[in-house]
Structure formats: C-alpha cells, structure tokens
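The structure appears right after this line, and notes come after that.
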Amino acid sequence: MYRHILLAYDGSEHAKRAARKAAEIAGQFKATVTVVTAYPKSPSHILGAEPITAEEMEAYWEEKAAETADLFLNYGTSFSKVVRAEDPKSLILDTAEELDVDLIILGSRGLSNYARLMLGGVSQAITQHAGCDVLVVK
C-alpha cells in the first residue's frame, strides 16, 4: 500500500515515536523512507553562550536526522535524509510533493512550544495541505 514514506524528524520525543512507527510501517510494506529535518535559518544565540556558526548548526541537525539510521537498518528499510535550513511546513510539503510520497509521518508536537506559537502547528498545517495520507503520532 505504501511505497515511499516521509518522516518529519526533529529529535523530540514525539518525533522519536513517529520514527518507530515509520520504521514499522516501512518494514511491513517494504517502503523507502525519507527523513526530513528542518532547522532555523539563522544560528541561535543564547545569552552567555558562544555564538553558533551556520556550519555548526547544520552539523547538529544532520546528526539529529542520523539518529534514525539504526532504527531503519534494523527493519531492513532503505532511507535517505533531507536536512535544510527552511520552514518545516514548506520543507515537508515540498519534499513530499517532489518525491511523490504516499505517507507523511510526524509527531504531534515538536521540540519547542515557543516555536509552535511562532510558526504555527506543523502537524496541523501538514494534515490540511498534504496531497497524501498523513499519520500524526502522539
């Protein structure tokens, strides 16, 4: 039924549960998985901390996306990663369309309630605008 699954992943507990569900479903259907991780365009600055370069920010989020590798390998599932400094909603929806995925899986909440307020609910936007099935994992 599903041949290509997009997993939206930010390293949060909800995203980790979504990753496990994506691995189970992909294993069941022998589907390919694309792990999509979006991160802020500008490096964050925390008062009292050293500034983070764009390269360090990218490396951090690449590492976050790579957290899923063992999970997919254990299920014998092929996967790829898309990690970009971009709005999460846009990156998820655009990638899903470009890759013609059949299913988007994401956690019901991400890393930050503040980001949710500022950006709007990613899961809500995806369920409203996706051109394929969407599974929101709690």
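Go through the residues of the stretch 12-25 one by one and say whether even a single one is modelled with pLDDT under 95, surrounded by 18 or more Cβ atoms within 10 Å (Cβ to Cβ), under 14 Å from the mean Cα position of the chain (by Cα) and of a type in the set (Asp, Glu). There is no residue in the stretch 12-25 that is modelled with pLDDT under 95, surrounded by 18 or more Cβ atoms within 10 Å (Cβ to Cβ), under 14 Å from the mean Cα position of the chain (by Cα) and of a type in the set (Asp, Glu). In the stretch 68-85, the residues that are under 16 Å from Ala96 (Cβ atoms) form Cβ pairs under 7 Å with partners that are among the aromatic types (Phe, Trp, Tyr) and open to solvent by less than 20 Å² (accessible area, probe 1.4 Å), at six or more places apart or across chains, as follows: Phe79/Phe72. Hey, could you check the stretch 92-110 for residues that are touching a residue at least 60 places away in the same chain (Cβ under 8 Å) and in a helix (DSSP H, G or I) and say which is farthest from the chain's Cα centre (by Cα)? Filtering the stretch 92-110 for residues that are touching a residue at least 60 places away in the same chain (Cβ under 8 Å) and in a helix (DSSP H, G or I), the one farthest from the chain's Cα centre (by Cα) comes out as Leu99. Between Tyr60, Tyr75, the distinction of being over 16 Å from the mean Cα position of the chain (by Cα) and either among the hydroxyl-bearing types (Ser, Thr, Tyr) or at pLDDT 90 or above (or both) belongs to Tyr75 only. Go through (1) within 20 Å of Lys138 (Cα to Cα); (2) surrounded by fewer than 24 Cβ atoms within 10 Å (Cβ to Cβ); (3) at pLDDT 95 or above; (4) polar (S, T, N, Q) and name the single condition Thr37 misses. Exception for Thr37: condition (2). Considering Val134, Val122, Val83, the condition of being of a type in the set (Val, Ile, Thr) and modelled with pLDDT under 95 is satisfied by Val122 alone.
The values are calculated or read from the model by the stated rules, or taken from the named source; none is laboratory data. None of these values were measured; they are calculated from a predicted model. Every residue, glycine among them, receives a Cβ derived from its backbone with ideal geometry; neighbour counts consider all protein chains shown. All accessible areas refer to the heavy atoms of the entire protein, side chains included, with ligands and DNA or RNA removed. Shrake-Rupley method; radii C 1.70, N 1.55, O 1.52, S 1.80 Å.
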